[in-house]
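Structure, as structure tokens:
The values are calculated or read from the model by the stated rules, or taken from the named source; none is laboratory data. Computed from a predicted structure; not experimentally measured. Virtual Cβ from ideal backbone geometry, glycine too; neighbours counted across all protein chains shown. These accessible areas exclude ligands, DNA and RNA; they are computed on the full protein's heavy atoms, side chains included. Shrake-Rupley method; radii C 1.70, N 1.55, O 1.52, S 1.80 Å.
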Amino acid sequence: MKKEELVALVKELSELESLTERSADVAFVKRECVRLNKLDDVTFKEKELIDEFNKYYDILAQKAESLNTSSLDEKKALIEKAKILLDTKNFKKATEEMNSIFDQFKHAGRCSKEQDDELWSGFRAIKNEFYDKRKAYYQEMDAKKSGAKEAKLAIIEEAKKLLEEKNFKNANIKMTELLERWKKAGFAAKEDNDALWESFRTIRNEFFDNRRAYNAEVKKSYAGRIEAKQELIKKAHIALANSTFTKEEVTSVKQLREDWKKVGFAGKEKDDALWEEFHSVVNKYFDELKSYSK
């Protein structure tokens, strides 16, 4: 670069309010300053140019020193902000912040080479530690999601088996336990979680549909058993009313007891009361039989 061009450049730089975007030009001018001031054999005109260069360079040097101090302070502050992110639990938000800090660091301007090297080394170490922690965090999350998926697949298989269960009381307890295990299993990956829940929910719905149908059949059977037991009570009352105590009659009353056992449970609302009535009538019949036999 010609001396005239160099003087124009240093003059331009010395008049700028901010040197942040021209740090490369400032570094170039610093090198040229050393070179120019080592020249011995110069013409009078060249000496005038060098003096003019030095005049503007002094102004620039003061600004550059201020820029150096400002850049140093800014980079140190950015390093402290980056350190805080090492303790984050929200890596999505923290990654955006780290990228922003990195961008600010790159545009913070230059310090001395030794300072810049030291600052960059410190920032890079923090940045690398942050991304190492983020990698470990997401690996742990992936492992948890994979474990949750396997746990939920196992729960789904257990739930399928309950569809074949005939003892709905026990099966209902087991289904409730499976739901609690499902809640504690955690979240699988987003692409899996909804599909897994839909499979489990479908099985649960089928189970409860089966249970409702079973309960309806049971209630229907209770109605028939209630009717059958009422008929046996009626026969017991007839036998008690007759009380002929013939061999055939006694045998028929004994048979009523056997027939009662065969009818089966008639539901908790009616069964005990029906039994109490039947038991009372039959016992009374046999008590009277004892008195008759004497």
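Scanning region 250-292 for residues that are of a type in the set (Phe, Trp, Tyr) and outside any helix (DSSP H, G or I) turns up just one, Phe265. Restricting Ala236, Ala213, Ala228 to those that are surrounded by 13 or more Cβ atoms within 10 Å (Cβ to Cβ), among the small types (Gly, Ala, Ser) and either under 22 Å from Glu165 (Cβ atoms) or in contact (Cβ under 8 Å) with a residue 40 or more places away in the chain (or both) reduces the list to Ala236.
Within region 32-55, the set of residues being at pLDDT 70 or above and open to solvent by less than 50 Å² (accessible area, probe 1.4 Å) comprises Glu32, Cys33, Leu36, Leu49, Ile50, Phe53, Asn54. Residues of region 108-148 that are closer than 25 Å to Lys92 by Cβ and aromatic (Phe, Trp, Tyr): Phe123, Phe130, Tyr131, Tyr137, Tyr138.
One residue is enough: does region 178-186 have a residue meeting the conditions out of contact with any strand residue (DSSP E or B) (no Cβ under 7 Å at 6 or more places or on another chain), assigned to a loop (DSSP other than H, G, I, E, B) and touching a residue at least 24 places away in the same chain (Cβ under 8 Å)? Outline the logic, then answer.
Here is the first cut: in region 178-186, the residues out of contact with any strand residue (DSSP E or B) (no Cβ under 7 Å at 6 or more places or on another chain) are 178-186.
So of that shortlist, the ones also assigned to a loop (DSSP other than H, G, I, E, B) come out as 185-186.
Still in the list and also touching a residue at least 24 places away in the same chain (Cβ under 8 Å): 185-186.
Yes - at least one qualifying residue is present in region 178-186.
Taking region 210-246 as the search range and keeping residues that are part of a helix (DSSP H, G or I) and over 25 Å from Gly264 (Cβ atoms), which one is farthest from the chain's Cα centre (by Cα)?
To start, the set of residues in region 210-246 that are part of a helix (DSSP H, G or I) comprises 210-242.
Next, only the ones that are over 25 Å from Gly264 (Cβ atoms) stay: 241-242.
Numbers: Ala241: 74, Asn242: 76 Å.
Result: Asn242.
When we screen Ala151, Ala188 for residues that are under 14 Å from the mean Cα position of the chain (by Cα), over 17 Å from Glu206 (Cα atoms) and buried (at least 16 other Cβ atoms within 10 Å of the Cβ), the only hit is Ala188.
When region 239-265 is filtered for residues that are open to solvent by less than 80 Å² (accessible area, probe 1.4 Å), closer than 13 Å to Val282 by Cβ and touching a residue at least 12 places away in the same chain (Cβ under 8 Å), the ones remaining, listed by number, are Ala239, Leu240, Ser243, Val250, Ser252, Val253, Leu256, Asp259, Trp260. Determine whether Asp58 is out of contact with any strand residue (DSSP E or B) (no Cβ under 9 Å at 6 or more places or on another chain), open to solvent by 80 Å² or more (accessible area, probe 1.4 Å), modelled with pLDDT of 75 or more and farther than 30 Å from Ala136 by Cα. So Asp58 fails the test.
For region 240-250, the criterion of being more than 30 Å from Glu140 (Cβ to Cβ), among the hydroxyl-bearing types (Ser, Thr, Tyr) and touching a Lys or Arg at 6+ places or on another chain (Cβ under 8 Å) is satisfied by no residue at all.
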